[in-house]
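Engineer: Starting off with a structure, shown below.
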């Protein structure tokens, strides 16, 4: 992803928090003839050595999982984004768009058997931490049957590109006015962008 230097985010903690808060990325791969993309829920894990792995799954009926192989795949995490009017600057300019976007690259390992069960159990626990619901609480034969329809995977992250385009190149007066104008809007994305901008200057 092309990212001008003033929009590139390097804070790893902030990036990981963003990925965890926007855990329904698109996974993109190539099957030898065309690009394939599927939106899937994922779980981001930081290893003890600081590396990242991402757990995810999709339906086995979806042929994309067969394309992973040894290729590097791409996960696209999209955050808030919104239109920025040139009327908000203290000088003549053109419209633009502010956004937060993270592209994550890595290699995929398909998980089977006990490894797949452990992955699915972990994903359920992440989303049902205090409810008592778990794979282990379900009949084992039912779980095995459902697992046959799932392609689970673990992705070892090799590269992260994080773009936080938040008017960093604007003068203070224009920057503050952009925030004020975004806060007047009622949509969640505009307000999230305003909050992120306020935290930076």
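Engineer: Using Cβ contacts closer than 10 Å as the measure, can you line up 137, 167 from fewest to most? Mind dumping the intermediate values first?
Structural biologist: Details: 137 11, 167 23.
The fewest-first ordering by Cβ neighbours comes to 137, 167.
Engineer: Further, regarding this structure: May I ask you to derive the FRET efficiency for residue 76 and residue 48 from their Cβ-Cβ distance with R0 = 41 Å, giving the value to the nearest 0.05?
Structural biologist: So, using R0 = 41 Å, E works out to roughly 0.90.
Engineer: Spin-label point model (7 Å from Cα, Cβ direction): what's the residue 38 to residue 134 distance in nm?
Structural biologist: Once both label points are built, they end up 2.7 nm from each other.
Engineer: Then there is this: Using Cα atoms only, what is the angle between the long axis of helix 12-21 and the major principal axis of the chain, expressed in degrees (0 to 90) to the nearest 10?
Structural biologist: 70
Engineer: So, in Å, what gap is there between the alpha-carbon centers of the stretch 142-201 and the stretch 1-53?
Structural biologist: So the separation of the two Cα centres works out to 12 Å.
Engineer: Grab the eigenvalues of the alpha-carbon gyration tensor for the chain, scale each by 5, take roots, and send me the semi-axes largest first in whole angstrom. Could the numbers behind the result be given before it?
Structural biologist: On the way: eigenvalues 292, 73, 44 Å².
Semi-axes from the Cα gyration tensor: 38, 19, 15 Å.
Engineer: Mean residue ellipticity at 222 nm from the helices of the chain, using -39,500 (n - 2.57) per DSSP H segment of n ≥ 4 over the full residue count, to the nearest 500 deg cm²/dmol? Display every interim value, and only then the final one.
Structural biologist: Values: 5 runs with 57 residues, N = 201.
Mean residue ellipticity, 222 nm, calculated: -8500 deg cm²/dmol.
Engineer: Let me ask another. Compute the length gained on full extension between residue 158 and residue 94: take 0.36 nm times their separation in residues and subtract their Cα-Cα distance, giving the result in nm to one decimal.
Structural biologist: 19.4 nm
Engineer: Which of rounded, prolate, oblate describes the stretch 106-168, given a ≥ b ≥ c as roots of the alpha-carbon gyration tensor eigenvalues and a/c under 1.5 marking rounded, otherwise prolate only if a/b is larger than b/c?
Structural biologist: oblate
Engineer: Does the stretch 84-201 classify as rounded, prolate or oblate by the C-alpha gyration tensor (a ≥ b ≥ c root eigenvalues; a/c under 1.5 gives rounded; else a/b over b/c gives prolate, otherwise oblate)?
Structural biologist: It comes out prolate by the Cα gyration axes.
Engineer: Shifting gears a bit: Report the calculated FRET efficiency for residue 183 and residue 127 (r = Cβ-Cβ distance, R0 = 30 Å), to the nearest 0.05.
Structural biologist: 0.40
Readers should treat all values here as calculations from the given coordinates under stated rules, not as data from a laboratory. Everything quoted here is computed from the prediction, not taken from an experiment. Methodologically, a virtual Cβ is constructed for each residue, glycine included, from the backbone with ideal geometry; neighbour enumeration extends over all protein chains shown.
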